[in-house]
Amino acid sequence: NSAMQAIGCVGARICNTNNCSAGIATQKPELRKRLDVAVAAKKLNTYPESTVELMQVMARGCGHNHLNQFEKRDLAAWKRNIAKLGGIEHSGFDSER
């Protein structure tokens, strides 16, 4: 999903209708014009590299010098139920308290 967003997908969930407003999942010429394939290809090529760079920044923020040093204790969730489900720290605000 995130790679699709990198090329311009807006997540309208109408891929199967041939009416994709971003021009990605359509055969209609007027909609396909909205997708600049060269620009989208460049963004898609850059996406994995950018993702890894951001993960490296997060690793350094956790005191690690390599991605393989991430541990469960490095994780946190904003929602209490997700934290409980995953057995990780809750770092969000609990409006019920």
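Derivation of every value follows stated rules applied to the coordinates shown; laboratory data play no part. This one's a predicted model, so the numbers in the text were calculated from it and none came from an experiment. Note that each Cβ is placed from the backbone with ideal geometry, even for glycine, and that neighbours are counted across all protein chains shown.
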Let me spell it out: the conditions are (1) under 17 Å from the mean Cα position of the chain (by Cα); (2) over 30 Å from Thr17 (Cβ atoms), and Leu67 meets all of them except one. Which number is the exception?
(1)
Go through the chain and tell me which helices (runs of 4 or more DSSP H), entirely inside it, have 3 or more residues that are surrounded by 10 or more Cβ atoms within 10 Å (Cβ to Cβ) and of a type in the set (Gly, Ala, Ser).
37-61
